[in-house]
1. For residues that are over 25 Å from the mean Cα position of the chain (by Cα) and either free of Cβ contacts under 8 Å to residues at least 60 places away in the same chain or within 28 Å of Q251 (Cβ to Cβ) (or both), tally how many sit in segment 44-76.
2. Could you check how many residues of segment 376-408 are at pLDDT 95 or above, assigned to a helix (DSSP H, G or I) and open to solvent by 40 Å² or more (accessible area, probe 1.4 Å)?
3. Of all residues being of a type outside the set (D, E, K, R) and in contact with an Asp or Glu (Cβ under 8 Å, 6 or more places away or on another chain) in segment 456-491, which is farthest from V521 (Cα to Cα)? Just the residue, please.
4. Would you mind stating whether I373 is at pLDDT 90 or above, closer than 25 Å to A588 by Cα and part of a loop (DSSP other than H, G, I, E, B)?
5. Run down A295, A326, A334, A345 and say which single residue is aliphatic (A, V, I, L, M) and open to solvent by 40 Å² or more (accessible area, probe 1.4 Å).
6. Please name all residue pairs, on different chains or six or more residues apart, with Cβ atoms under 6 Å, provided the first residue is in segment 289-302 and is assigned to a loop (DSSP other than H, G, I, E, B) and the second residue is surrounded by fewer than 22 Cβ atoms within 10 Å (Cβ to Cβ).
7. Of the conditions (1) within 19 Å of G520 (Cα to Cα); (2) free of Cβ contacts under 8 Å to residues at least 60 places away in the same chain; (3) not in a helix (DSSP H, G or I), K96 satisfies every one except a single condition; which number is it?
8. Identify, please: which residue in segment 655-705 is part of a loop (DSSP other than H, G, I, E, B) and of a type in the set (D, E, K, R) and is, among those, modelled with the lowest pLDDT?
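The values are calculated or read from the model by the stated rules, or taken from the named source; none is laboratory data. Because the structure is a prediction, the values reported are computed rather than measured. Note: ideal-geometry Cβ built from the backbone for every residue, glycine included; neighbour counts use all protein chains shown. Please note that ligands, DNA and RNA were not included when accessible areas were found on the heavy atoms of the full protein model with its side chains. Shrake-Rupley method; radii C 1.70, N 1.55, O 1.52, S 1.80 Å.
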Amino acid sequence: MSRPNILQDLNPEQLEAIKHMEGPVLVLAGAGSGKTKLVTHKYAYLLKKQKVSSDSVLAITFTNRDAGEMKKEIDTILGKEIRFPWLGPIQAQCSKILRKEIGKIGYSTDFSIYDEDDRCTLIRHILKEFKIYEALYKGVSSRINFLKTSLIGPEEFLSSGDGFGFDEKLAKVYVRYQDELKRCNSLDLNDLIMLTIKLFKENPSVLKKYQNSFSYVLVDEFQDLTFAQYQFVKMLSRKHKNICAVGDDDQSITKNRGADIQSIHNFEKDFPGASIVRLERNYRSTQNILNVSNAVISLNDNRKEKKLWTERKHGEKVHFCWLNNAEEEAKHIAKIIKELYLKGAYRYRDIGILYRVNLQSRAIEEALREAGIPYLISGGIGFYQRKEIRDIIAYVRLVLNHGDNVSLRRIINLPSRGIGTATLIKLENEAKKKSLSLLDTLKLMIRNNGIAASAREKLSNFVKMIEKLSAAKYKTADEIIKIVGEKTGYLASLDDDKIQNMLELSEAANGRDVREFIDGVSLMTHLDETSKGDHVSLMTFHNAKGLEFPVVFVTGLEEGALPYFKAIGNDDKIAEERKLFYVGMTRAKDVLLLSGARKRKLYAKIQEQEPSRFLQDMPRACCHWIEKVSFPKTGKGKEGKKKIDSKKVRSPFSTGCRVKHPMWGVGVVRDCYGEGDEQKVTVNFPDIGLKRLSLKLASLTKLSQ
C-alpha cells in the first residue's frame with residue numbers, strides 16, 4: 001500500500017502554513033478545521049522536503065495522547081519509524097532539559113515529579129501542620145497553581161504586598177510548600193516550566209545552546225498556553241524566529257488551569273512581521289451545526305474573527321428540548337439514544353453527553369442504567385489514578401529518590417508494618433527540626449536509638465529494603481516494577497483484580513527506560529486516558545476538548561447551569577461560558593441535541609431554572625424547538641405536552657433592553673421566551689434581583705436605551 005503524499009488532501013490555507021519556512025506564522029484554526037493535521041504534516045514536510053533533523057524541531061502538543069497520535073501519523077506519512085526527541089507536551093520537554101541541566105540551579109538530577117494529586121497531598125499535610133482547615137486544600141492548590149503559571153514564586157509573592165491577591169496565610173503555605181518540595185528533591189508540574197525559565201535566565205549559555213538547537217518550533221493548541229509556557233516558547237524561538245503557532249481563541253477554555261489567551265493576541269507584537277493564516281473550512285460538522293455555533297460565539301468581544309463553513313450538507317436541524325426537571329431530561333436523552341442504537345443509525349461509542357459540572361451526571365447515569373445503556377465517565381478515576389498503581393509508583397519513586405517524602409508517607413505502612421501514629425509524628429518532628437528528608441531522619445533515629453524498641457526493627461527492615469532496592473541495577477521500567485512489587489511484599493497483599501492491573505502496568509512499562517516511564521506517569525493527565533469498548537461517553541465541556549462524536553447531547557441549558565451561576569453579572573465570565581457552549585456544540589459531527597430543565601437540584605437545593613440566554617443567540621431557521629413541560633388539559637386532569645413553533649418564540653422585549661415595572665422600578669431584560677399568552681421574561685432589578693414575569697400579567701413598559 002502506497003503511503004500518503006505529505007501535501008495530499010490539504011486545502012490552500014493549510015498548504016500556505018506548511019510551506020511557510022522563514023519567520024513566524026500564526027494559524028487561526030477554527031473548530032474541526034484540521035489544525036493538528038496541519039502541525040503533523042508540517043513536521044513531516046520539514047523532515048522529508050527540507051531535510052531538517054528531528055533533533056532540530058521542537059513540537060509542542062496539549063496532551064501525551066495528541067503526541068502519540070501525531071507520531072504514528074508522521075511515521076505513516078514518511079513510511080518509516082523515526083525518533084521524536086522533542087515532540088510532546090511542554091512539561092515533558094522541560095523535564096528532559098532539567099534532567100540534564102538542573103544542577104546549575106542547585107537541584108539534583110534525580111528529582112521526583114509530583115502530579116496534581118501529589119501536590120494536593122503535600123498541601124493538605126502543610127495545612128494540617130499549620131492548623132488551617134484542611135478542606136481548603138483545593139482552593140490553596142489552585143491559587144499556587146495560578147501564581148506559578150504567572151511566574152510568581154514565593155519571594156515575589158511576599159514582596160508584592162497587596163498585589164496578586166496577596167493573602168498572608170496563602171503566602172505562609174506557599175513558602176512552606178516550596179521549601180518542602182526542595183527538601184524532597186521534587187518538582188511539581190508547574191516547577192518544570194518555572195525552573196526551566198529560571199535556568200535559562202541565570203545561564204545564558206544554556207539558553208543559547210537550546211536556541212541554536214531548535215531551528216523550528218511548532219505549537220499545537222496555542223491558545224491554551226499559560227503565561228509561563230508562552231515565555232518558554234518565546235525564549236526558544238528568539239534566535240531563528242521560525243515558529244508556527246496553531247490555535248483558536250474561541251476554544252480557549254482552560255483559563256481555570258492557567259491558560260492565558262493573551263498569547264494569541266500578543267503574537268504579532270512579540271513576533272513582528274508574522275504571517276496570519278486562517279483555517280475556516282470545517283471538516284467535522286454539518287452547516288446547521290456550524291451556523292448555530294458561529295452565531296453564538298460571534299457575540300464575544302475581543303476575538304480573532306473567523307467564520308466556519310463546510311462542504312457538507314446542512315444536515316439535521318439542531319434540536320432543543322425544554323423539560324420539567326433533570327430526571328425527565330435524562331430519560332428523554334436515554335430514550336433518544338436507545339432509538340438511535342436500535343435503528344442501527346449509531347453505535348453507543350458514537351454518542352457524547354456533555355454538561356457544565358460533574359454533579360449533573362447523576363440523573364443521566366441513572367437513566368442510562370435503567371435503559372441498559374453502557375456508559376463511561378471521562379475524567380473519572382483513570383488507570384494511573386488507581387490506588388494500587390499510585391502505591392507501586394510511589395515505591396519506585398522512593399527507590400529512585402530517597403528525598404521523596406510524599407511517596408514515603410504513602411507507602412511506609414503498605415503493606416501494614418504496624419508502625420503507629422506516635423512514631424510517625426516523632427519522625428516528622430525530627431525531620432523538620434533537622435531539615436532532613438524523612439528517610440534520612442529515619443536512618444539517623446535508628447542509629448541513635450531514637451525510636452521505641454517495638455518499632456525499631458520494623459523500621460530498620462524497611463530502610464534496609466529501600467536501600468537494597470536502590471542499589472540494584474534495572475534495565476527496564478517493567479523490571480523495577482516487578483522486583484519492587486515482590487520484594488516489598490506489596491504484590492502479595494493485593495486481590496486478583498488489582499494484580500491484573502499491576503500486570504497491565506508492567507505491560508505498559510515493558511522495555512521502557514525507568515526514569516522516562518516514571519516521569520511519563522507523573523506527567524499523565526485524565527485527557528491522556530483512552531478507553532475501548534462500545535459505550536456512551538459522559539463528560540464536562542472541559543474534558544470534551546479535542547474530541548468529536550457523530551451525536552452530541554449538550555445538557556443543562558439553563559441560567560445558573562450554563563452559563564454557570566458564578567458567571568452571571570460578569571461579562572468576562574459570561575464570555576468564557578459562551579466559549580464552553582461553543583466548544584460543546586462543535587464536538588458534534590452529524591446530530592446536535594440541546595436540552596434544559598425547568599427544575600434542577602443544584603448543591604442540595606431544587607432550583608427553578610430559566611432557559612439559558614445563549615438560546616436567544618441561535619438562528620431559529622437552523623433549530624427545532626420542543627417544550628415538554630406538563631400543563632393540565634382543559635376539562636381533564638391529565639397532563640399533556642406542547643410543541644414550540646420556533647418562529648413564534650419572539651417577545652416584544654429583547655435581551656438587554658431596559659424596562660419599567662410599576663412596583664420594582666427600572667430593570668434590564670436578561671431573557672425572553674415562550675409564545676402567545678405564555679410569553680415570559682426574566683428581568684434583573686438592581687434592588688430586587690432576578691424576577692421571572694409573565695407578559696400577560698406584568699405591566700412592563702419598554703424604555704428607550
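1. 14
2. The qualifying residues number 1.
3. Out of the qualifying residues, it is Y490.
4. Criteria met by I373.
5. Going through A295, A326, A334, A345 in turn, the sole match is A345.
6. Hits for this filter: L299/D617; N300/A575.
7. Going through the list (1) within 19 Å of G520 (Cα to Cα); (2) free of Cβ contacts under 8 Å to residues at least 60 places away in the same chain; (3) not in a helix (DSSP H, G or I), K96 breaks only (3).
8. Only one residue fits best here, namely E675.
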